[in-house]
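Q: Sharing a structure below in structure tokens format, with a few things to ask.
The values are calculated or read from the model by the stated rules, or taken from the named source; none is laboratory data. Just so we're clear, the structure is a prediction, and the values are computed from it rather than from any experiment. When we count neighbours, we look across all protein chains shown, and the Cβ atoms used for this are built from the backbone with ideal geometry, even at glycine.
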Amino acid sequence: MIKSKKQFILKFFIGLIILMMFYTTGFSLIFLNGSGRGYGEEGGDSVCDELKSNSSIITTYIIEGAGYYLDAYSYFNSLLTRIELSDIRGVNYIECNQLINSALYNIKYAKVTYYLLIEVAEITPYNQTVISKLKNFDYDFYMNEHTLNSVIFKDMENYLKNGDIRGVYRKIYLDVIEIEKLLTSIKDKLSLDKMPDLSILWELNEAFGDTLIFGQYGARVFYTLQKNK
Amino acid sequence: MKKNKKQLIFRVLIGSLIIILLNLNGFALISNNGSGSGYDDGDGKGDVKDDGKSITIENYIIEGSGYYLNANSYIQTILKMVELQYKQGIDFIELNKVLDNAIFNINNAIITYDNLIKKAENTPYNEYVIALLKDFDYSNFLIENGLNSVVFEEVEGYLQVGDITGIYISTYRKFTNIHEMLIFIKGEVSKDKLPGISIFWRLNETIAKSSIFGSYIARVFYALQKNK
């Protein structure tokens with residue numbers, strides 16, 4: 001009887017901690033959010049507190065990285081507007097250079113933030129409850145229900161169904177490095193008061209869009225896991 | 001001999017005409033650009049005059065894209081504010097301003113595309129460009145450029161049957177969809193509330209897909225020009 005009571009208290013306690021871990025701040029947002037929940041283990045000792053603290057750091061890095069990324073994309077769209085209208089209004093290279101510098105500044109910060117995120121994620125063990133939910137998630141049903149882009153969603157699925165949240169961070173990091181390269185190449189041209197090659201603008205425009213959708217699909221899945229807890 | 005000379009002159013003439021048709025101003029840009037070449041004599045111009053200026057299909061595309069890209073820039077700022085809300089809080093006055101700017105620009109993009117569609121519907125296609133579109137190797141282009149097959153197949157669905165106006169109508173619908181979502185968000189934000197996250201996801205995905213869609217169309221028309 002006493003043993004059953006102890007087991008019940010233990011189960012209740014573990015359940016409570018899991019619930020608390022699901023309610024990390026900054027969960028239900030735009031880009032990769034919620035994935036920080038996949039780290040840290042249940043428990044109440046000091047080691048666990050440390051791990052929970054890492055989970056919170058991971059979430060903070062995700063939010064910060066997304067903020068920089070979205071800012072960079074915003075500046076890039078402003079630059080595209082100027083380039084698109086250049087035949088009608090002419091080109092103000094001073095303004096274009098300011099916009100590309102702002103986009104680059106933000107993407108560099110996003111890169112550093114994702115680098116730090118990966119560092120923390122690599123020394124933080126996964127939360128096996130969340131990993132198990134990711135492995136059992138019905139990805140096909142979810143994709144069809146929400147009519148998501150199958151190419152991008154399958155890419156995300158390949159990481160999550162294997163519980164490879166760190167792989168998602170690494171992929172975003174590599175995407176951001178590629179975006180930085182393309183932005184730098186545009187900056188090189190603009191700084192000479194020359195228009196960048198059109199193919200680079202397309203490539204960059206598409207890269208920004210693809211990575212954004214990819215990150216958002218991650219946030220969607222983690223949000224659904226939380227909702228269905 | 002005389003006949004051969006005539007044939008040569010005729011060929012040179014036709015060749016020159018094709019080169020002129022494909023060398024359009026405002027061709028090589030970001031979103032949907034170049035598709036104006038599929039109309040009339042291929043310069044994207046019709047016969048409508050407005051305020052003494054010839055309004056061209058290509059100009060409508062450039063103007064519409066300008067408004068759309070500006071709206072996209074404001075939308076990314078909105079998303080950033082939503083993303084950082086737990087860290088920085090939400091400045092609803094600022095958010096309202098950014099939303100107004102996004103709505104203003106997407107609204108202008110809708111008006112421009114409405115005019116574009118009307119103009120396109122009253123302008124006959126350039127059959128030469130339509131033939132090029134029908135013969136274009138979409139599969140190879142998709143693989144060669146590592147494009148997203150889902151979005152590219154949508155583009156191909158219109159272009160391989162020469163339905164350029166269909167692209168404008170599809171883009172117009174995407175814009176009205178974005179406008180509706182922004183109006184819904186504005187309704188909540190004007191009461192100092194944030195709507196549920198799913199509306200931001202849909203907005204984000206719609207705008208990202210629209211950008212990629214427009215970019216792929218510009219790519220195809222650019223490739224047609226390059227391969228002339």
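Q: Among the listed residues A:TYR105, A:TYR109, which satisfies the condition of being modelled with pLDDT of 95 or more, surrounded by fewer than 16 Cβ atoms within 10 Å (Cβ to Cβ) and of a type in the set (Ser, Thr, Tyr)? First the steps, then the outcome.
A: Values: A:TYR109 fails: surrounded by fewer than 16 Cβ atoms within 10 Å (Cβ to Cβ).
Being modelled with pLDDT of 95 or more, surrounded by fewer than 16 Cβ atoms within 10 Å (Cβ to Cβ) and of a type in the set (Ser, Thr, Tyr) holds for just one of A:TYR105, A:TYR109, which is A:TYR105.
Q: Scan segment A:138-154 for residues that are surrounded by fewer than 17 Cβ atoms within 10 Å (Cβ to Cβ) and either part of a helix (DSSP H, G or I) or in contact (Cβ under 8 Å) with a residue 40 or more places away in the chain (or both) and jot them down.
A: A:ASP140, A:PHE141, A:TYR142, A:ASN144, A:GLU145, A:HIS146, A:SER150, A:VAL151, A:LYS154
Q: Anything in segment B:66-86 that is more than 7 Å from chain A (Cβ to nearest Cβ) and not hydroxyl-bearing (Ser, Thr, Tyr)? List them, or say none.
A: B:ALA71, B:ILE75, B:ILE78, B:MET81, B:GLN85
Q: Further question on the same structure: Within segment B:172-183, is there a residue that is crowded, with 23+ Cβ neighbours inside 10 Å, within 14 Å of chain A (Cβ to nearest Cβ) and either closer than 27 Å to A:TYR69 by Cα or of a type outside the set (Asp, Glu) (or both)?
A: yes
Q: Quick check on segment B:128-148: of everything there that is of a type in the set (Ser, Thr, Tyr) and either within 23 Å of B:ILE57 (Cβ to Cβ) or surrounded by 15 or more Cβ atoms within 10 Å (Cβ to Cβ) (or both), which residue is modelled with the lowest pLDDT?
A: Restricting to residues being of a type in the set (Ser, Thr, Tyr) and either within 23 Å of B:ILE57 (Cβ to Cβ) or surrounded by 15 or more Cβ atoms within 10 Å (Cβ to Cβ) (or both), the top hit is B:TYR128.
Q: Still on this structure, please answer the following. Does A:TYR68 fit the bill of being of a type outside the set (Asp, Glu), within 11 Å of another protein chain (Cβ to nearest Cβ) and either buried (at least 17 other Cβ atoms within 10 Å of the Cβ) or assigned to a helix (DSSP H, G or I) (or both)?
A: So A:TYR68 passes the test.
Q: Go through segment B:127-155 and give me each residue that's under 18 Å from the mean Cα position of the chain (by Cα) and over 13 Å from B:ILE212 (Cα atoms).
A: Those that are under 18 Å from the mean Cα position of the chain (by Cα) and over 13 Å from B:ILE212 (Cα atoms): B:VAL129, B:ILE130, B:LEU133.
Q: Among the residues of segment A:142-165, is there at least one that is among the aliphatic types (A, V, I, L, M), away from chain B (no Cβ under 13 Å) and closer than 30 Å to A:GLY90 by Cβ?
A: Scanning segment A:142-165 turns up no residue that is among the aliphatic types (A, V, I, L, M), away from chain B (no Cβ under 13 Å) and closer than 30 Å to A:GLY90 by Cβ.
Q: Let me ask something else about it. Any idea which residue in segment A:77-102 is surrounded by the most Cβ atoms within 10 Å (Cβ to Cβ), counting only those that are at the interface with chain B (Cβ under 9 Å from one of its Cβ atoms) and polar (S, T, N, Q)?
A: A:ASN77
Q: Search segment B:191-217 for residues being of a type in the set (A, V, I, L, M, F, W, C) and more than 7 Å from chain A (Cβ to nearest Cβ), and hand back the single one that is farthest from B:HIS179 (Cα to Cα).
A: Across segment B:191-217, the extreme among qualifying residues is B:ILE217.
Q: Quick test for you: out of B:ASN126, B:ASN148, pick the one residue that is within 14 Å of another protein chain (Cβ to nearest Cβ) and polar (S, T, N, Q).
A: B:ASN148
Q: Examine segment A:205-216 for a residue that is within 14 Å of chain B (Cβ to nearest Cβ), over 18 Å from B:LEU147 (Cα atoms), surrounded by fewer than 17 Cβ atoms within 10 Å (Cβ to Cβ) and under 20 Å from the mean Cα position of the chain (by Cα), and state whether such a residue exists.
A: no
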